[in-house]
2 protein chains.
Amino acid sequence: MPPTKTLERLIMYRIVLEQNAAQGVTHLFSKDLADQTGSNPAQVRRDLMVVGYSGNPQKGYAVIDLIEKIRHMLEPAEGIPMTLIGIGNLGRAIVGHFNRLKPKFNLVATFDTDENKIGRVIAGCQCYHVNEIPKVLAPYIIQLGIITVPESYAQKAADQLIAAGVRGIANFAPTPIRVPAGVYLENMQLTLTFEKVAYFARSKISGGTV
Amino acid sequence: MPPTKTLERLIMYRIVLEQNAAQGVTHLFSKDLADQTGSNPAQVRRDLMVVGYSGNPQKGYAVIDLIEKIRHMLEPAEGIPMTLIGIGNLGRAIVGHFNRLKPKFNLVATFDTDENKIGRVIAGCQCYHVNEIPKVLAPYIIQLGIITVPESYAQKAADQLIAAGVRGIANFAPTPIRVPAGVYLENMQLTLTFEKVAYFARSKISGGTV
């Protein structure tokens, strides 16, 4: 299993490779991939060894082959079964986004506690009551549970997903949550990111580096 | 200037401290803060030295004082002037979120190219045409520019913000962008995060660690 940073770069390479493929580019050198992803050529070559792919020194990497190699590593053939709890503004935006990413991601259901939402198809996906999580998710091995609920419900939402067998969680609620060792968690506090960007922007402004 | 990771932890401590304050907690030990943020006590103590705060060995840290110390470091008294380009689903969700975070964040304007949106107040903030970026942003020193546009427009959006003096960018477009050295950039590719979570979730499932 590659380290997290390597995996992040591989995902980024694939995004850039797919853009190049869409523009008709057939081959790229490690330098091109490095330039387009903010990496460096030696790093690119090391990372691509992880997926077992080495380019041709004269022509570089074959774009389509390399996309396939990375896809094979990242994506189960049957797609990635996922779910989401909390179908507010952010939840809706994320669900809308994923509806364009089929069949790679397969959003099987969303959950909420609002009676006005339950039983309806929202942003293209059926919404159920959170009490139905065990029943609705039972047929699936969910690889990604997205939490977009208010702060007060975040830990409970995580606990409910984990009890239903979910082993990967992306938490967008504005509070950190805790998960047991067998669950992979990414805390995605947008406010944290925004405060961090603003902080370093101020240092750039006051430092006069521009 | 503290390292990025220290800054991220300080922001997280503040989130947790504010939750404790809201529940009437007046004092916390480094161990409590560590438990609630997934850190460890020695790390907490080192981090809090950066903000120049040391607790009382008997009573721990005074919650309100510590919040103020971190706030003083993170927040300019006048708030954080910010802007957003691309007022689609995700942009709308983010703008709605920030309207609840006033006066800390001050969203001065949003921008789009869709004539149906321009001139309207959307999610509580006036939307202008991207061509008006230089004029509308001129009175402000913008510390945070959020990009929520389609892939094809992402680099141009960044270039327009930077030309208008923005020195901190959070990019949610599904493609990496490039910025000059004097600009702080966070690439927030949600798909990347989701693929990563799913990947490690699969390894947790197959590894049988649960």
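The values are calculated or read from the model by the stated rules, or taken from the named source; none is laboratory data. Keep in mind that this is a model prediction, so the values were computed, not measured. A quick note on method: Cβ atoms are made from the backbone with ideal geometry, for glycine too, and the neighbour counts reach across all protein chains shown. Ligands, DNA and RNA are stripped out before the accessible areas are found, and what is left, the full protein with its side chains, is counted by its heavy atoms. Shrake-Rupley method; radii C 1.70, N 1.55, O 1.52, S 1.80 Å.
Key figures
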read-out	value
Criterion violated by B:Ala157 - all others in (1) touching a residue at least 12 places away in the same chain (Cβ under 8 Å); (2) in contact with a helix residue (DSSP H, G or I) (Cβ under 7 Å, 6 or more places away or on another chain) satisfied	(2)
Check on B:Leu66, open to solvent by less than 10 Å² (accessible area, probe 1.4 Å), more than 14 Å from every other protein chain (Cβ to nearest Cβ) and free of Cβ contacts under 8 Å to residues at least 40 places away in the same chain	no
Residue list for segment A:166-181, restricted to those being touching a residue at least 24 places away in the same chain (Cβ under 8 Å) and open to solvent by less than 30 Å² (accessible area, probe 1.4 Å)	A:Val166, A:Gly168, A:Ile169, A:Ala170, A:Asn171, A:Phe172, A:Ala173, A:Thr175, A:Ile177
Segments classed as helices (runs of 4 or more DSSP H), wholly inside segment B:37-150, with at least 3 members that are β-branched (Val, Ile, Thr)	B:63-74
Any hit, segment B:153-173, residues being away from chain A (no Cβ under 14 Å), in a strand (DSSP E or B) and not basic (Lys, Arg)	no
Residues located in segment A:174-188, provided they are facing chain B (nearest Cβ under 7 Å) and of a type in the set (S, T, N, Q)	A:Thr175
Single residue of B:Gly88, B:Gly60 found to be in the same structural domain as B:Met188 (by TED's automatic domain parsing), in contact with a strand residue (DSSP E or B) (Cβ under 9 Å, 6 or more places away or on another chain) and among the small types (Gly, Ala, Ser)	B:Gly88
Count of segment B:127-148 residues which are in contact with a strand residue (DSSP E or B) (Cβ under 6 Å, 6 or more places away or on another chain), at pLDDT below 95 and away from every other protein chain (no Cβ under 11 Å)	1
Every residue from segment B:61-107 that is within 21 Å of B:Ala154 (Cβ to Cβ) and β-branched (Val, Ile, Thr)	B:Thr83, B:Ile85, B:Ile87, B:Ile94, B:Val95
Residue selected from segment A:1-36 under the condition without any contact (Cβ under 8 Å) to a residue 12 or more places away in the chain and not in a helix (DSSP H, G or I), by the criterion nearest to A:Ile64 (Cα to Cα)	A:Gly24
Subset tally (residues that are within 15 Å of B:Asp32 (Cβ to Cβ) and not hydroxyl-bearing (Ser, Thr, Tyr)) for segment B:46-63	10
Within segment A:192-210, tally of residues that are assigned to a helix (DSSP H, G or I) and more than 7 Å from chain B (Cβ to nearest Cβ)	2
A:Val108 being open to solvent by 10 Å² or more (accessible area, probe 1.4 Å), under 20 Å from A:Ile142 (Cα atoms) and not basic (Lys, Arg)	yes
Residue match in segment B:141-158 (condition: more than 19 Å from the chain's Cα centre (by Cα), open to solvent by 10 Å² or more (accessible area, probe 1.4 Å), small (Gly, Ala, Ser) and outside the structural domain of B:Leu107 (by TED's automatic domain parsing))	no
Single condition A:Phe98 does not satisfy, out of (1) under 30 Å from A:Leu185 (Cβ atoms); (2) open to solvent by 30 Å² or more (accessible area, probe 1.4 Å); (3) of a type outside the set (A, V, I, L, M)	(2)
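Conditions tested, residue by residue: (1) surrounded by fewer than 19 Cβ atoms within 10 Å (Cβ to Cβ); (2) away from every other protein chain (no Cβ under 14 Å); (3) out of contact with any Ser or Thr (no Cβ under 9 Å at 6 or more places or on another chain).
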{"position": "A:Ala42", "(1), (2), (3)": "yes, yes, no"}
{"position": "A:Arg45", "(1), (2), (3)": "yes, yes, no"}
{"position": "A:Val50", "(1), (2), (3)": "yes, no, no"}
{"position": "A:Ser54", "(1), (2), (3)": "yes, yes, yes"}
{"position": "A:Pro57", "(1), (2), (3)": "yes, yes, yes"}
{"position": "A:Ile70", "(1), (2), (3)": "no, no, yes"}
{"position": "A:Pro76", "(1), (2), (3)": "yes, no, yes"}
{"position": "A:Met82", "(1), (2), (3)": "no, no, yes"}
{"position": "A:Leu90", "(1), (2), (3)": "no, no, no"}
